[in-house]
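The values are calculated or read from the model by the stated rules, or taken from the named source; none is laboratory data. Everything numeric here is computed off the predicted structure, so don't read it as measured data. All Cβ positions, glycine included, derive from the backbone under ideal geometry; neighbour counts span all protein chains shown. Side chains included, ligands, DNA and RNA excluded: accessible areas come from the protein's heavy atoms. Shrake-Rupley method; radii C 1.70, N 1.55, O 1.52, S 1.80 Å.
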Amino acid sequence: MIIFFQHIGQACLKSIEKLGRASLFFIAIISSIGYVLLRPNLLIKQLFSVGVLTFWLIAISGLFVGMVLGLQGVYTLSTFGAESSLGIMVAASLVRELGPVVGALLFAGRAGSALTAEIGLMKATEQLSGMEMMAIDPLKYIIAPRFFAGFISLPLLVAIFSAMGIIGGYLAGVELLHVDSGAYWSQMQASIDFDADIVNGMIKSIIFAWLVSWIALFEGYDAVPTSAGISRATTRTVVNSSFAILIFDFLLTALMFGVA
Amino acid sequence: MISIRNLTFSRGNRKIFDNISMQIMPHKITAIMGPSGTGKTTLLKLIGGQLKPDSGTILVNDQEIHQLSRRALYELRKKMGMLFQSGALLSDMSVYDNIAFPIREHTKLTKSMIRTVVLMKLNAVGLRGARDLMPSELSGGMARRIAMARALALDPEMILYDEPFTGQDPISLAVLVKLIKTLNQTLHLTSIVVSHDVEETASIADYIYLMSEGKIVGQGSPEELTQSDSEWVQQFMQGQADGPVPFHYPADDFSEELFAL
Ligand SMILES: Nc1ncnc2c1ncn2[C@@H]1O[C@H](COP(=O)(O)OP(=O)(O)O)[C@@H](O)[C@H]1O
Ligand SMILES: [Mg+2]
């Protein structure tokens with residue numbers, strides 16, 4: 001029995017310690033912002049590998065999610081004779097929820113896991129140590145540009161996801177199931193609120209961007225530098241990012257729309 | 001130039017170094033030898049300030065390395081080249097860029113001056129022709145020579161080699177041995193070679209420290225060590241399987257274990 005509590009205690013201490021290290025890590029990244037601004041080419045290179053390479057995954061997923069929303073929306077709304085509101089339904093669910101959440105989950109799976117594996121491998125092959133011995137700080141040179149690239153890319157990718165979703169909803173609802181095209185667009189335009197919907201969705205995507213980039217880079221940097229260690233770290237990135245995204249989504253939604 | 005005093009360092013419960021002291025002479029090649037797992041790599045990381053000792057001091061250029069501010073430590077590291085066991089070349093840069101990298105980061109040299117420096121360093125290790133290759137296209141011996149060129153990029157005063165001879169074919173081996181010797185002489189470097197390859201290391205070292213289980217078990221010039229009457233030193237220098245260091249990891253009696261069922 002005592003051993004059981006000891007284990008719980010140790011696990012708690014370990015997680016608190018890890019959170020502490022992760023926080024210091026984050027502070028170091030933030031204080032490297034000047035360094036990154038002075039070397040825009042480092043950032044641009046990472047924007048390409050973190051952002052641009054995730055583009056097609058996000059765009060195509062957005063399109064299909066939107067098409068499914070279109071089909072399901074028409075099916076549900078037609079029982080109330082309200083097909084003309086399809087545009088609102090599709091756009092609101094994408095901009096408020098599905099865009100940020102699904103976009104961030106896909107991003108964690110594609111870009112986050114790749115970042116963890118890359119950093120973990122650089123650690124295992126002593127590239128990070130080597131850099132330190134050359135008096136170059138890997139937190140500034142390697143980690144910070146990747147963090148800011150992730151932080152900038154994800155909100156843009158989320159916007160693309162939502163836009164493609166709205167087009168997908170149009171294709172399925174209007175082109176396939178003959179909802180009135182004018183109604184689809186005009187109802188959407190009339191009812192989607194800039195502050196309540198678009199800004200809130202953007203805030204979510206920015207917070208998810210921070211979470212995923214931070215988790216992915218820290219797991220890589222903190223990985224046990226062996227092949228098994230890197231594979232565990234990569235898994236942890238995907239699992240922890242997904243939990244973090246879903247939990248924060250609930251908290252943010254409660255703050256923004258719910259519990260007054 | 002480098003002096004280690006009463007150094008103690010542990011990993012978990014295991015004492016890797018137990019109160020050791022060493023003196024590294026300037027402009028000479030000092031070898032630190034011992035079986036795998038004695039803590040040779042750990043010692044280099046302590047000298048480079050990447051690990052902190054439990055107690056004791058390490059002086060580099062008369063500065064106590066673990067008391068330095070981060071900035072001062074980074075300044076000192078520019079005078080210290082380190083050759084990692086794996087080479088540690090940056091895998092997303094060409095050979096040329098790998099060597100230019102520390103120069104670009106730490107100096108304001110123009111493009112053409114950087115080019116001159118990089119080609120000189122590559123020429124010194126005989127690999128000027130390999131400048132456009134990527135690290136993944138290099139053989140093990142070539143990667144180590146490129147890493148050497150990179151360690152020399154900032155014209156350091158001292159250079160630390162971690163197992164430079166391990167896993168090399170006989171020709172690369174001869175090349176590396178010769179390179180370490182000539183670089184040390186022509187550039188007046190202070191070199192530390194950490195290794196368990198007795199013959200190669202003894203052929204170039206001016207002074208050797210032999211380590212085992214956290215202690216220094218022998219020291220002296222290569223000649224002195226081969227004459228040594230310590231059994232341990234003899235076993236290590238001549239590469240005998242059994243002796244004071246037993247062939248068997250501690251275990252129960254074999255016949256008892258076999259018939260234990
Ligand atoms: N990061 C680490 N964490 C825990 N133990 C380590 C770590 N690195 C090395 N060790 C242990 O320290 C000892 C010395 O390692 P090392 O310095 O790499 O030896 P050598 O280079 O002489 O082969 C080994 O027993 C190794 O298992
Ligand atoms: Mg080693």
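Which condition from (1) free of Cβ contacts under 8 Å to residues at least 24 places away in the same chain; (2) of a type in the set (D, E, K, R); (3) farther than 23 Å from A:Gly20 by Cβ is the one that A:Arg232 breaks?
Only one criterion in (1) free of Cβ contacts under 8 Å to residues at least 24 places away in the same chain; (2) of a type in the set (D, E, K, R); (3) farther than 23 Å from A:Gly20 by Cβ is unmet by A:Arg232, namely (3).
Quick one: count up the residues across the range B:35-49 that are more than 10 Å from ligand 2 (Cβ to nearest atom), in contact with a strand residue (DSSP E or B) (Cβ under 7 Å, 6 or more places away or on another chain) and part of a loop (DSSP other than H, G, I, E, B).
2
When A:Gly112 is evaluated against the numbered criteria (1) touching a helix residue (DSSP H, G or I) at 6+ places or on another chain (Cβ under 7 Å); (2) within 14 Å of chain B (Cβ to nearest Cβ), which criterion, by number, is the only one it fails?
It fails just one condition, (2).
Please go through the range A:175-191 and give me each residue that is free of Cβ contacts under 8 Å to residues at least 12 places away in the same chain and open to solvent by less than 70 Å² (accessible area, probe 1.4 Å), ordered by number.
Answer for the range A:175-191, where residues must be free of Cβ contacts under 8 Å to residues at least 12 places away in the same chain and open to solvent by less than 70 Å² (accessible area, probe 1.4 Å): A:Ser181, A:Gly182.
So which of B:Leu154, B:Leu138 ends up being in contact with a His (Cβ under 8 Å, 6 or more places away or on another chain) and open to solvent by 10 Å² or more (accessible area, probe 1.4 Å)?
On the way: B:Leu138 fails: in contact with a His (Cβ under 8 Å, 6 or more places away or on another chain).
Answer to the check: B:Leu154.
How many residues are more than 13 Å from every other protein chain (Cβ to nearest Cβ) and small (Gly, Ala, Ser) when one looks only at the range B:44-68?
2
Output the residues belonging to the range A:25-48 that are open to solvent by 80 Å² or more (accessible area, probe 1.4 Å) and under 22 Å from the mean Cα position of the chain (by Cα). Show your work before the answer.
Taking the range A:25-48 as the starting set, the residues that turn out to be open to solvent by 80 Å² or more (accessible area, probe 1.4 Å) are A:27, A:31, A:33, A:37-38, A:41, A:44-45, A:48.
Of everything in the range A:25-48, those that are open to solvent by 80 Å² or more (accessible area, probe 1.4 Å) and under 22 Å from the mean Cα position of the chain (by Cα) turn out to be A:Ile27, A:Ile33, A:Ile44, A:Lys45, A:Phe48.
State whether one or more residues within the range B:14-25 are out of contact with any strand residue (DSSP E or B) (no Cβ under 8 Å at 6 or more places or on another chain) and within 19 Å of B:Lys52 (Cβ to Cβ). Write out each step before concluding.
Within the range B:14-25, the first condition is being out of contact with any strand residue (DSSP E or B) (no Cβ under 8 Å at 6 or more places or on another chain), and the residues that meet it are B:14.
Subsequent filtering for residues that are within 19 Å of B:Lys52 (Cβ to Cβ) retains B:14.
Yes: one or more hits.
Scan (1) away from every other protein chain (no Cβ under 14 Å); (2) open to solvent by less than 10 Å² (accessible area, probe 1.4 Å); (3) not hydroxyl-bearing (Ser, Thr, Tyr) for the single condition A:Ile167 breaks and write down its number.
So A:Ile167 meets the others, but not (2).
Give me the residue from the range B:80-90 that is assigned to a loop (DSSP other than H, G, I, E, B) and more than 7 Å from chain A (Cβ to nearest Cβ) and, out of that set, most open to solvent (accessible area, probe 1.4 Å).
Of all residues in the range B:80-90, those assigned to a loop (DSSP other than H, G, I, E, B) come to B:84-90.
Filter once more, keeping what is more than 7 Å from chain A (Cβ to nearest Cβ): B:85, B:87, B:89.
Details: B:Gln85: 73, B:Gly87: 4, B:Leu89: 19 Å².
Restricting to residues being assigned to a loop (DSSP other than H, G, I, E, B) and more than 7 Å from chain A (Cβ to nearest Cβ), the top hit is B:Gln85.
If you scan the range A:107-127, which residues turn out to be crowded, with 21+ Cβ neighbours inside 10 Å and touching a Pro at 6+ places or on another chain (Cβ under 6 Å)?
Passing the criteria: only A:Lys123.
Given the structure, is B:Leu73 outside any loop (DSSP other than H, G, I, E, B), within 22 Å of B:Val194 (Cβ to Cβ) and more than 7 Å from every other protein chain (Cβ to nearest Cβ)?
Numbers: outside any loop (DSSP other than H, G, I, E, B): yes; within 22 Å of B:Val194 (Cβ to Cβ): yes; more than 7 Å from every other protein chain (Cβ to nearest Cβ): yes.
Spelling it out, B:Leu73 is indeed outside any loop (DSSP other than H, G, I, E, B), within 22 Å of B:Val194 (Cβ to Cβ) and more than 7 Å from every other protein chain (Cβ to nearest Cβ).
Can you tell which of B:Thr41, B:Thr30 is closer than 19 Å to B:Phe236 by Cα and within 14 Å of another protein chain (Cβ to nearest Cβ)? Lay out the reasoning, then the answer.
Details: B:Thr30 fails: within 14 Å of another protein chain (Cβ to nearest Cβ).
Selected residue: B:Thr41, the only one of B:Thr41, B:Thr30 that is closer than 19 Å to B:Phe236 by Cα and within 14 Å of another protein chain (Cβ to nearest Cβ).
Test A:Glu126 against the stated conditions and say whether it is within 22 Å of B:Ser91 (Cα to Cα), of a type in the set (Asp, Glu), within 14 Å of chain B (Cβ to nearest Cβ) and touching a Ser or Thr at 6+ places or on another chain (Cβ under 6 Å).
On the way: within 22 Å of B:Ser91 (Cα to Cα): yes; of a type in the set (Asp, Glu): yes; within 14 Å of chain B (Cβ to nearest Cβ): yes; touching a Ser or Thr at 6+ places or on another chain (Cβ under 6 Å): yes.
Against the criterion (within 22 Å of B:Ser91 (Cα to Cα), of a type in the set (Asp, Glu), within 14 Å of chain B (Cβ to nearest Cβ) and touching a Ser or Thr at 6+ places or on another chain (Cβ under 6 Å)), A:Glu126 qualifies.
Quick test for you: out of B:Gly49, B:Gly126, pick the one residue that is small (Gly, Ala, Ser), modelled with pLDDT of 90 or more, out of contact with any Pro (no Cβ under 6 Å at 6 or more places or on another chain) and open to solvent by 10 Å² or more (accessible area, probe 1.4 Å).
Working: B:Gly126 fails: modelled with pLDDT of 90 or more.
Sole residue among the options that is small (Gly, Ala, Ser), modelled with pLDDT of 90 or more, out of contact with any Pro (no Cβ under 6 Å at 6 or more places or on another chain) and open to solvent by 10 Å² or more (accessible area, probe 1.4 Å): B:Gly49.
When the residues of the range B:91-106 are narrowed to those that are farther than 22 Å from B:Ile192 by Cβ and either β-branched (Val, Ile, Thr) or buried (at least 20 other Cβ atoms within 10 Å of the Cβ) (or both), which ends up nearest to the other protein chains (Cβ to nearest Cβ)?
B:Phe101
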